[in-house]
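To start, the structure under review is shown below, and the notes come after it.
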Amino acid sequence: MDLPVIPNEPPITPELVAEHGLKPDEYQRILDLIGRAPTLTELGIFSAMWNEHCSYKSSKVHLRTLPTKAPWVIQGPGENAGVIDIGDGLACVFKMESHNHPSYIEPYQGAATGVGGILRDVFTMGARPVACLNALSFGAPAHPKTRHLVSGVVAGIGGYGNSFGVPTVGGQVRFHSRYDGNNLVNAMAVGIAEADKIFYAAASGVNMPIVYLGSKTGRDGIHGASMASAEFDEDSDAKRPTVQVGDPFSEKLLLEACLEIMARDCVIAIQDMGAAGLTCSAVEMGAKGDLGVTLELDKVPCREEGMSAYEMMLSESQERMLMVLKPEKENEAEAIFRKWGLDFAVVGHTTPSMRFIVKHGGDVMADLPIKELGDQAPEYKRPFVLGEKPKPVDATAVEPPVGTTDALKMLLATPDLCSRRWVWEQYDHIILGNTVQRPGGDAAVIRVADGPKGLALTTDVTPRYCEADPFEGGKQAVAECWRNLTAVGARPLAITDNLNFGNPERPEIMGQFVGCVRGIAEACKALDFPVVSGNVSLYNETNGRAILPTPSIGGVGVLADFRKSVSLAFKSEGEAIILIGETLGWLGQSLYLRDICGREEGAPPPVDLVEEKENGDFVRDLILSGAVSAAHDLSDGGLLVALAEMAMASGIGAALDAAPGDIPAHAYWFGEDQARYVVTASAAQANGLLAKAQEAGLLAMRIGVTGGTALAVTGEMPVPVADLRKLHEGWLPAFMSGEVAPTV
């Protein structure tokens with residue numbers, strides 16, 4: 001059935017279809033589905049619902065292979081956020097999402113609204129946010145935009161999170177030329193809720209009021225989701241109008257109002273207006289509940305005059321929610337929102353028709369089958385090519401260009417290993433008063449309510465590993481996340497992921513995606529570490545040059561008693577330093593090979609998941625039994641960098657034994673073998689610890705003793721810890737101030 005002719009609408013031409021990011025075969029699919037040409041508003045709705053960002057059309061066939069279930073998983077992927085049971089009637093709600101393209105175009109607002117969006121995903125489920133984390137990837141420091149992007153993104157994250165009142169407790173920052181034209185901003189939020197009071201998106205009941213809540217709708221963010229599903233080119237600045245503008249103070253009011261009406265039992269269903277705004281939220285609520293939805297756009301609160309139906313349906317203005325309310329609670333809910341100074345408007349109702357109907361100015365602007373809008377979105381099994389696995393690097397053939405101590409000093413002052421203090425000191429990481437372990441360690445630890453329960457939180461990925469061998473890189477990202485949680489004494493429970501890749505229409509890029517997902521799945525299964533939420537961000541490339549494959553992993557673990565957690569800092573002098581795990585001196589894709597030897601090559605270290613599990617469980621038991629005073633997992637930079645980080649965190653030095661004779665010294669100290677930890681223990685505990693490891697069939701060896709004010713490797717010139725700290729702390733502030741970075 002044709003809709004009435006709508007005045008002043010442009011004809012639907014192939015050019016207009018292409019401008020909406022739809023391919024000719026996809027447009028034909030629309031014609032076949034609805035039996036007629038769409039209106040402009042309908043074309044916009046299909047564009048929003050069928051773009052990569054919202055439909056996962058290139059990725060969902062592979063995402064289905066991820067393990068998502070465990071006895072403690074309450075809600076896996078498919079809702080606003082994942083939910084896990086953390087005991088004592090409480091649940092942890094968390095998710096990670098990207099705001100990459102907006103943050104490149106307008107770094108402050110792009111990053112700020114990324115934080116705002118992920119916070120809404122969490123409190124939409126009925127949880128009060130308690131922490132934020134992030135994972136940031138920037139171009140080479142020498143690129144003319146890098147400093148501007150770092151400054152804007154960090155300010156945006158801090159500006160929104162600090163004002164909203166949630167601590168930013170951890171994250172990652174990396175630099176690489178492959179991100180020159182496409183930085184990555186991945187934001188993670190974590191909340192706490194009562195396990196039996198989780199709220200979902202599926203509408204229920206016929207003729208139930210659909211209520212618009214929060215801030216007014218403007219023209220910001222229109223086509224934001226479509227823009228996020230396209231490559232960049234030289235005209236990226238022209239896309240600036242697609243970047244939303246956030247208001248953290250309005251979001252704080254929205255949080256309190258939502259939690260209050262949830263507590264008053266007013267809510268049937270709730271959906272954040274995120275990507276694709278009113279379109280996606282209304283369609284998802286109806287489709288998940290097997291109901292139709294009718295919207296009356298004349299009732300939508302707008303902050304700009306003369307907005308069209310097309311603009312209202314595609315606006316991504318921030319701090320907005322859509323709810324289905326219990327009819328008898330409508331007045332009570334409205335009074336609560338008015339009290340908080342927020343808009344409240346009944347803009348539609350549920351129907352039994354299974355149609356999505358949009359009315360505006362007396363005209364029907366859209367009349368579409370609601371289930372098919374989501375269910376009939378294209379699903380592609382794109383061709384992929386799994387590249388050849390690179391060969392391992394022979395450590396004996398790598399000639400060290402400098403001595404061990406000089407290499408350490410150089411590495412600590414590199415962009416990827418220097419201190420991130422300049423970043424995290426701009427975030428309020430202690431607001432709410434529950435931050436037990438602050439940024440700078442293996443994982444953040446926060447207290448749950450008044451304790452003693454605690455949560456450990458981290459984000460991890462090593463993109464250079466994923467580029468060299470996507471399968472091993474995917475495994476390693478999960479394994480390192482698991483190790484970081486373990487290193488503070490937490491039991492890892494679940495992950496959220498943010499899968500950032502280039503153009504999936506290129507078989508080699510799709511091969512990277514498939515390989516990483518397969519690696520993630522294998523690691524999650526082996527470590528009993530399910531995926532409960534996540535996001536896919538594709539088309540991250542500029543002028544045909546893709547980012548490094550970057551599947552960011554956000555992990556959550558639980559501590560029965562946060563007071564038993566340990567940090568990486570040496571605690572006192574005279575303690576034994578013990579290395580747990582096998583050291584082979586793996587230099588392929590290591591930072592030593594890249595930054596000291598100038599060779600970015602070779603196979604990344606293999607990940608033995610059985611060894612990861614055994615070593616991690618052993619270390620966690622040591623921590624919880626009080627047998628060790630400090631623990632640190634080994635990753636970027638290898639053993640000596642980890643020991644330097646432990647020394648710098650405490651100011652206490654160490655005397656270290658020489659490298660064993662069967663491994664080249666530079667490979668022993670800087671190789672990046674996996675499944676390894678360094679722990680410290682008193683002299684009285686050390687022998688028992690080593691005996692326990694031997695009984696369990698695990699490799700553990702005493703490699704030195706804490707003490708003094710210098711890091712001293714046998715046969716090398718000792719280097720004062722204060723000098724290491726100066727180098728480590730110096731590069732990023734010097735770079736951001738425009739000064740010449742300190743040299744060794």
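The table below gives the values:
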quantity	calculated
Residue satisfying all of: in the stretch 467-480; open to solvent by 20 Å² or more (accessible area, probe 1.4 Å) and not hydrophobic (A, V, I, L, M, F, W, C); farthest from residue 63 (Cα to Cα) among these	467
Pairs where the first residue, in the stretch 358-369, is within 8 Å of residue 309 (Cβ to Cβ) and in a strand (DSSP E or B) and the second is basic (Lys, Arg) and open to solvent by 50 Å² or more (accessible area, probe 1.4 Å), C-beta under 9 Å, 6+ apart	365/359; 366/359
Search result, residues across the stretch 332-359 that are surrounded by 22 or more Cβ atoms within 10 Å (Cβ to Cβ) and of a type outside the set (Val, Ile, Thr)	333, 337, 342, 348, 356
Residue that is touching a residue at least 40 places away in the same chain (Cβ under 8 Å), farther than 15 Å from residue 536 by Cα and part of a loop (DSSP other than H, G, I, E, B), where the choices are 67, 71	67
Complete set of residues in the stretch 99-129 that are in contact with a helix residue (DSSP H, G or I) (Cβ under 9 Å, 6 or more places away or on another chain) and among the charged types (D, E, K, R)	106, 120, 128
Counted residues, the stretch 30-51 - those being surrounded by fewer than 24 Cβ atoms within 10 Å (Cβ to Cβ) and of a type in the set (Asp, Glu)	1
Residue in the stretch 74-92 that is part of a helix (DSSP H, G or I) and either on the phi > 0 side of the Ramachandran plot or surrounded by fewer than 17 Cβ atoms within 10 Å (Cβ to Cβ) (or both) present	no
Filtered residues of the stretch 268-321 (kept if surrounded by 24 or more Cβ atoms within 10 Å (Cβ to Cβ) and among the acidic types (Asp, Glu))	272, 284, 316, 319
Matching residues, the stretch 633-648, being within 14 Å of residue 577 (Cβ to Cβ) and either open to solvent by 10 Å² or more (accessible area, probe 1.4 Å) or over 28 Å from the mean Cα position of the chain (by Cα) (or both)	640, 645, 647
Of residues in the stretch 437-466 being farther than 13 Å from residue 489 by Cα and among the hydrophobic types (A, V, I, L, M, F, W, C), the one most open to solvent (accessible area, probe 1.4 Å)	449
Count - residues of the stretch 307-336 that are touching a residue at least 60 places away in the same chain (Cβ under 8 Å) and either of a type in the set (A, V, I, L, M) or in contact with a Leu (Cβ under 6 Å, 6 or more places away or on another chain) (or both)	14
Those residues of the stretch 518-549 which are of a type in the set (Val, Ile, Thr) and either surrounded by fewer than 21 Cβ atoms within 10 Å (Cβ to Cβ) or over 15 Å from the mean Cα position of the chain (by Cα) (or both), in sequence order	542, 547
Sole residue being assigned to a helix (DSSP H, G or I) and modelled with pLDDT under 95, chosen from 332, 284	284
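The values are calculated or read from the model by the stated rules, or taken from the named source; none is laboratory data. Please read all numbers here as calculations on a predicted model, not as lab measurements. In this analysis, Cβ positions are derived from the backbone assuming ideal geometry, glycine residues included, and neighbour counts consider all displayed protein chains. For the accessible areas, the whole protein counts, side chains as well, though only heavy atoms, and no ligand, DNA or RNA atoms are used. Shrake-Rupley method; radii C 1.70, N 1.55, O 1.52, S 1.80 Å.
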